[in-house]
Amino acid sequence: MARPPTPTGPRTNRQIRAAEVRVLDAEGQQIGVLPIEDAIRRAEEAGLDLIEVAASAEPPVCRIADLGKFKFEQDKRARDAKKNQHVSEVKEVRLRPRTDDHDLQVRVRAARRFLEEGHKVKVEVRFRGREATHPEVARDQIQRIAAGVADIAIVERAPSLEGRSMFAILARGRAKSSEESGAGAARAVPPPPPQPQVAQPSASTV
């Protein structure tokens with residue numbers, strides 16, 4: 001008695017219920033539509049299995065292949081797809097207007113690690129008391145973080161106030177020009193315009 005189809009894999013051989021199937025050979029080349037018994041016989045003669053690879057097609061599509069190798073390849077593709085399917089999150093890096101240089105570098109390293117893992121980074125400066133009256137200090141702290149990762153990140157959302165904090169969003173990317181990369185992605189000051197060159201008199205000028 002044929003075993004019922006397993007929920008974790010395709011139907012094979014006499015588990016296939018269709019009266020006729022479209023058959024592919026071991027190389028993936030189409031043989032044509034065959035009665036199921038003929039298709040199974042071809043697979044058996046080749047020492048392989050008849051594997052249903054598209055049950056919803058009309059007629060169902062089956063491939064002649066080694067079942068063990070087929071499952072291994074399917075599992076490998078699934079693992080590779082899962083590996084490449086990265087879920088991006090927004091990680092937070094928090095600091096204060098008075099965060100010292102050492103602690104700021106710790107946060108730069110944390111931001112870099114998050115960015116290299118493919119996440120976005122929310123850099124947030126929280127105010128206490130009258131610190132909120134000096135937002136430029138918070139903006140400078142955010143810019144220093146952004147400058148520390150400017151080789152791999154851009155400022156996706158510029159620093160903005162929200163309640164008793166200021167924050168910006170950093171995302172993986174590169175600045176469009178070397179000037180922007182060198183200055184840090186958070187700096188809005190454009191590079192100075194080039195100075196006009198004064199033509200030097202040639203040797204023949206009197």
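Summary of values
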| item | result |
| --- | --- |
| Neighbours by Cβ (under 8 Å, 6+ apart or cross-chain): first from the range 146-169, more than 17 Å from Pro97 (Cβ to Cβ) and buried (at least 22 other Cβ atoms within 10 Å of the Cβ); second at pLDDT 95 or above and of a type in the set (Phe, Trp, Tyr) | none |
| Subset of the range 5-44 [surrounded by 13 or more Cβ atoms within 10 Å (Cβ to Cβ) and of a type in the set (S, T, N, Q)] | Thr12, Asn13, Gln15 |
| Yes/no for Arg128 being charged (D, E, K, R) and at pLDDT 90 or above | yes |
| Test result for Phe72, surrounded by 18 or more Cβ atoms within 10 Å (Cβ to Cβ), out of contact with any Leu (no Cβ under 8 Å at 6 or more places or on another chain) and either without any contact (Cβ under 8 Å) to a residue 12 or more places away in the chain or among the aromatic types (Phe, Trp, Tyr) (or both) | no |
| Enumeration of residues in the range 48-68 that are farther than 14 Å from Pro35 by Cα and assigned to a loop (DSSP other than H, G, I, E, B) | Leu48, Ala55, Ser56, Ala57, Asp66 |
| Residue check, Ala57 over 23 Å from Phe72 (Cβ atoms), under 38 Å from the mean Cα position of the chain (by Cα) and at pLDDT below 90 | yes |
| Subset tally (residues that are surrounded by 14 or more Cβ atoms within 10 Å (Cβ to Cβ) and either acidic (Asp, Glu) or more than 22 Å from Val106 (Cα to Cα) (or both)) for the range 136-145 | 1 |
| Tally, over the range 69-103, of residues that are more than 25 Å from the chain's Cα centre (by Cα) and under 17 Å from Ser165 (Cα atoms) | 5 |
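The values are calculated or read from the model by the stated rules, or taken from the named source; none is laboratory data. Remember, it's a predicted structure, so these values are computed and weren't measured experimentally. Methodologically, a virtual Cβ is constructed for each residue, glycine included, from the backbone with ideal geometry; neighbour enumeration extends over all protein chains shown.
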